[in-house]
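Student: Questions regarding the structure given below will be posed in turn.
The values are calculated or read from the model by the stated rules, or taken from the named source; none is laboratory data. All of these numbers come straight from a predicted model, not from anything done at the bench. Here the Cβ positions follow ideal geometry from the backbone for every residue, glycine too, while neighbour counts run over all protein chains shown.
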Amino acid sequence: MTLHARAPLRIDFAGGWSDVPTFADAEGGCVVNAAVDRFAHVEVLLGAGRIRLHAADLEEHVTLPTSRDITYDGTLDLHKAALNMLPVTGGIEILTRSDAPGGSGLGASGALDVALLAVLARARNEQYAPEELAELGFHLETRELGLLGGRQDQYAAAVGGWNRMDFGPEAVAVQPIAADADVMRDLAGHTVLVYTGHSHVSSATHEAVWSAYQSGDVTVSSALREMRALARAAADALEAADWQRLARAVDDNWVQQQLLDWSIATERTRAIERAVRDAGAWGLKATGAGAGGCLLVICPAARREGVWQAAAAAGGTPLDFDFASSGVAVWETPDPDVAG
C-alpha cells in the first residue's frame, strides 16, 4: 500500500510578516491569503526496512539505517523533522515534490510540513484536525528545526480556500471568506502570478527586520501595523468581490513591505513591476517575504494577456493557477500486485 498526501500552496494578499510570533504575540497579526492549485506532494511506502528520503524537485536523497541516525544537516531536514515528530517503525520511503519553482514565496515549505505530517499521521492510524496539522507544521519548523517564521503558510495548506487569519499569543482565528467557483474564477481572470527568480530572503534579513522591530524602529513597526490593517481591507474587498479595491490594498501592502528591509525589492522585481504597470496593472506585491520569488499582479481582465506578456518580456515567468477550495488531502492506493 502506498500513502499519498498533497497540500496547496498559497498567495497572500496582505498582512504577511505580521503572522510571525515576534509581532503577533505582542500586538496581534492579521493575514489574508488564498490557497492555489499548486501543491506539495508526498508519497510514502511503508516497510522499506530502512529510511529512504527523496525530494524530486531538489534532486536530494538521503538513506539512513534507523531513526537514531537522523541528524539535521541541511539536507531534507523537513522530512527528517517530520519523522522525528511522528516516527514510523519498520522502515519507510518518503518521496516528495513541489509544483512551484524553488524560492517561489508561495509557502511551499509550510505546505510540505503539513503534507508530511498528514501522511505520517495516517501511517500511524492517527487523525488530526486541519488546525492541529497547521500547528504541528509550525512547531516542526520553528521548534524542531529552530527556523524563524510565521503560521500563515501551514494554516493555508491545512484549511484551503480564501481566509482571513488573525494571530495572537494564545490562538489563531481562521475566518473563511465565502466565494463560489464563479467568483474564484473571476478573480483568477484578473490576476497574473509571476515568478521573478529564487527568493533571496535570508535568515539575516529576518533577523534584521525583527531586531529593528524589537529595538523600537518606527519605520519597521509602523509598516507591520499598516500591513495588518491592509489585511483587513483586503478581506473586505474579497467579500465584496471588488477587485480594484483589492488591488489597492495589495499595492499599499507592497509599499509597506519594502520599508521593512532594502533587500525585499530586487532589480528584476522592479523591472517586472514597471513593465506590468505600464501594461495596465491595478496593483501588485511580492508574495511571501519578497526579495525575489513571485509577484502577485491584479489587473483588468481585458488587459490580463498584455500584463502576462509584459511580465514575460521583462524576465519573469508567469505561472498558471486556479484557486483551491480544499486544504490538505490524504489517500491510499493498493500495491500493484494486490490490485491485480
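Student: Mind listing just one residue for me: the one in the range 138-197 that is among the charged types (D, E, K, R) and in contact with a Lys or Arg (Cβ under 8 Å, 6 or more places away or on another chain) and, of those, surrounded by the most Cβ atoms within 10 Å (Cβ to Cβ)? Write out each step before concluding.
Tutor: Start the filter on the range 138-197 by keeping residues that are among the charged types (D, E, K, R), which leaves 141, 143-144, 151, 153, 164, 166, 170, 180, 182, 185-186.
If we keep only those that are in contact with a Lys or Arg (Cβ under 8 Å, 6 or more places away or on another chain) too, we end up with 153, 164.
Working: ASP153: 31, ARG164: 23.
My answer is ASP153.
Student: Then there is this: Do we have HIS200 as part of a helix (DSSP H, G or I), of a type outside the set (Gly, Ala, Ser) and not assigned by TED's automatic domain parsing to the domain that holds ASN163 here? Explain how you work it out, then say what you get.
Tutor: Numbers: part of a helix (DSSP H, G or I): no; of a type outside the set (Gly, Ala, Ser): yes; not assigned by TED's automatic domain parsing to the domain that holds ASN163: yes.
Judged against the criteria, HIS200 is not a match.
To keep it simple, each residue is scored yes or no on (1) modelled with pLDDT of 95 or more; (2) under 18 Å from the mean Cα position of the chain (by Cα); (3) not hydroxyl-bearing (Ser, Thr, Tyr).
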| site | (1), (2), (3) |
| --- | --- |
| ALA179 | no, no, yes |
| THR191 | yes, yes, no |
| GLY197 | no, yes, yes |
| ARG232 | yes, no, yes |
| GLN256 | yes, no, yes |
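Student: I'd like the full set of residues that are within 26 Å of TYR195 (Cα to Cα) and in contact (Cβ under 8 Å) with a residue 60 or more places away in the chain, limited to the range 57-97.
Tutor: Within the range 57-97, ASP77, LEU78 qualify.
Student: Is there a residue in the range 238-252 that is more than 30 Å from GLN309 (Cβ to Cβ) and either buried (at least 17 other Cβ atoms within 10 Å of the Cβ) or not hydroxyl-bearing (Ser, Thr, Tyr) (or both)? Steps first, answer last, please.
Tutor: Initial filter on the range 238-252 (more than 30 Å from GLN309 (Cβ to Cβ)): 239.
Add one more test, that the residue is either buried (at least 17 other Cβ atoms within 10 Å of the Cβ) or not hydroxyl-bearing (Ser, Thr, Tyr) (or both), and what stays is 239.
Among the residues of the range 238-252, at least one is more than 30 Å from GLN309 (Cβ to Cβ) and either buried (at least 17 other Cβ atoms within 10 Å of the Cβ) or not hydroxyl-bearing (Ser, Thr, Tyr) (or both), which makes the answer yes.
Student: Six or more apart or on different chains, Cβ under 7 Å: which pairs go from a residue in the range 119-138 that's without any contact (Cβ under 8 Å) to a residue 40 or more places away in the chain and over 17 Å from SER109 (Cα atoms) to one that's buried (at least 18 other Cβ atoms within 10 Å of the Cβ) and small (Gly, Ala, Ser)? Could you list them?
Tutor: Pairs found: GLN127/ALA121; TYR128/ALA121.
Student: So, one more: Looking at the range 78-100, which of its residues are within 30 Å of PRO318 (Cα to Cα) and surrounded by fewer than 19 Cβ atoms within 10 Å (Cβ to Cβ)?
Tutor: Of the residues in the range 78-100, the ones within 30 Å of PRO318 (Cα to Cα) are 78-79, 95-100.
Hits for the range 78-100 are LEU95, ARG97.
Student: Out of ARG164, ARG143, ARG151, ARG124, report the one residue that is of a type in the set (D, E, K, R) and more than 27 Å from LEU224 (Cα to Cα). Working first, answer last.
Tutor: Working: ARG164 fails: more than 27 Å from LEU224 (Cα to Cα); ARG143 fails: more than 27 Å from LEU224 (Cα to Cα); ARG151 fails: more than 27 Å from LEU224 (Cα to Cα).
After applying the criteria, what remains is ARG124.
Student: Which of the residues spanning the range 257-282 are crowded, with 23+ Cβ neighbours inside 10 Å and over 14 Å from SER104 (Cα atoms)?
Tutor: Within the range 257-282, GLN257, LEU260, ILE272, GLU273, VAL276, ALA281 qualify.
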